[in-house]
Amino acid sequence: MNNKRISEYCSACGLCQGKGYAELKFNDGLLKPNMNVDNTDFFESVCPITGSVYEIQPEWGEFEKVYVGYSNDPDIRHMASSGGVITSLASYLLDKKLIDGVIHTGKDTDKPWRTKTYCSTTPKEVVDRCGSRYTQSMPLADIFNLTEYGKKYIYIGKPCDVLALTNYFKLDKEFASRFICTISFFCAGAPSENAQMRLLKELDCKPEECIELRYRGDGWPGYATAVNRSGIKTQMTYNDSWGKILGRDIRKSCKFCMNGTGEPADISCGDAWYSKADGTPDFTEGDGRNIIFTRSDIGEKLFEEAVEAGYITASDYRSELVDFKKIQKFQYERKATMMQKCLALKVMFRTAPAYKISSLMRVSGAAEGVPLKRKLSIFLGTIKRIVKGKI
């Protein structure tokens, strides 16, 4: 793998920094790597941008079972970004002493538009740090300092972070033995710090005065909410905050990601939006609910235990999954048209992600919900964005 591809498609997971092979620094609002050593074997084995480390499957990937559900704790369900399933599952594992800690991302209390990686050891800490963080993060940079030999953990993170971590597990069996489970969530991209500044400006909250910035939650989907030192709270709808500001300025790796639904994790969750009459998602405020994919035996076992213990309510969703591509159209279509996007990059002599051509063809060929006309439109649209300098 060449350094150009690393620089262009880095997901900023931070694992290379944790190992001392690189240092991530902000550059034009994005965390980018400065290489300290040339360790080709490490990057080719671990880095999510190789695209060839695991076989990408069509649609929603491989899974044991699929459910729709929500937390049975009404406060968690209300405060969480979706239905609170991940928070309640983590709380169950801590309550039953099946783990010693939860490694996950929360806000940086000094700069609320940034993130920090935590090891939460109580359900209260998990709840206090729950919720989406639509910003830059490098959660694996500190993971070696947050875990201890002989203790057990779960990891909760973005799909690309989970992929990097599970790839690393193959190289370090002792470190892998510390984790009983990995959990991920649907991700549409990591917005830049520049986007955070635009969001705060629209919310009329100066960065130096900001003491709280929530992107979702406190309802479903909830509002982007900023609070300043005077206690003044300003809000913006999810449609406006993500659709008009944050989602328009994400990492390049996010634009070319085929792992938005957490395929490498033991469990992955997303928004199970209710549908309008035309099948598209309804973002009207309501009680949150998750779609839950259990993707391994241990994931299925732990999830079933949490349901049986009364932490989560869940029901089978497989019969309704055929319509889910309309509810999560962005995730479905981004993955299904990746072959056309990568082809456009190559036609324009640009560096492309290192996805296996067999994976691209299989995923594209299985995408019955995306007509040929739409795929052609994506191909031509990608070329236009390259010409205009937007990619």
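Where a number appears in this text, it was derived from the coordinates with a stated rule and is not lab data. Given the structure is predicted, the values throughout are model-derived calculations rather than measurements. Methodologically, a virtual Cβ is constructed for each residue, glycine included, from the backbone with ideal geometry; neighbour enumeration extends over all protein chains shown.
Work out from phi, with θ = phi - 60° and the Karplus expression 6.51 cos²θ - 1.76 cosθ + 1.60, the ³J(HN,Hα) of each residue of the range 138-152, listed in order in whole Hz, and give x for Gly and Pro.
So the J values, rounded to whole Hz, are 9, x, 8, 5, 10, 5, 6, 8, 8, 10, 10, 4, x, 10, 10.
For Cα pairs less than 8 Å apart in space and 6+ apart in sequence, what is the mean separation divided by the residue count of the chain, i.e. the relative contact order in percent?
Relative contact order here is 22 percent.
Using the Cα centre as the reference, give the magnitude of the dipole from point charges on the C-beta atoms of the range 250-302 (Lys, Arg: +1; Asp, Glu: -1; all else neutral), rounded to the nearest 20 debye.
It comes to approximately 360 debye.
Order the peptides 154-161, 289-296 from the highest to the lowest mean number of other Cβ atoms within 10 Å of their residues.
Ranked by mean Cβ neighbours within 10 Å, highest first: 154-161, 289-296.
If each residue's Cβ is checked for other Cβ atoms within 10 Å, how do 329, 107 rank with the fewest at the top?
329, 107
Ignoring solvent entirely, what values of log10 I(q)/I(0) come out of the Debye formula for the range 337-391 at 0.14, 0.17, 0.21, 0.29 Å⁻¹ when each Cα is a single scatterer?
For the range 337-391 at q = 0.14, 0.17, 0.21, 0.29 Å⁻¹, log10 I(q)/I(0) is -0.36, -0.52, -0.76, -1.17.
Give the peptides 129-137, 10-18, 227-235, 301-309 in descending order of average Cβ contacts within 10 Å, highest first.
The most tightly packed comes first, giving 10-18, 129-137, 301-309, 227-235.
For residue 223, what residues show an amide H to amide H distance below 5 Å, using hydrogens built from the backbone and excluding near sequence neighbours?
Result for residue 223 returns 217.
Using 0.36 nm per residue of separation minus the Cα-Cα distance, give me the extension gain between residue 28 and residue 97 in nm, one decimal.
20.5 nm
Which value results for Rg/Rh of the range 139-197 when Rg is the Cα radius of gyration and Rh the Kirkwood radius based on the inverse mean 1/r?
1.05
For the chain, take the convex hull of the Cα atoms, compute a quarter of its surface area, and give me that in nm², please.
With the hull built on Cα positions only, its mean projection is 18.5 nm².
For the chain, with the dipole built from +1 on Lys and Arg beta-carbon atoms and -1 on Asp and Glu ones, taken about the Cα centre, which of 265, 324, 217 lies farthest toward the positive end?
324
Only helical DSSP H runs with n ≥ 4 go in: add -39500 (n - 2.57) per run for the chain, normalise by residue count and round the 222 nm mean residue ellipticity to 500 deg cm²/dmol.
Computed ellipticity for the chain at 222 nm equals -9000 deg cm²/dmol.
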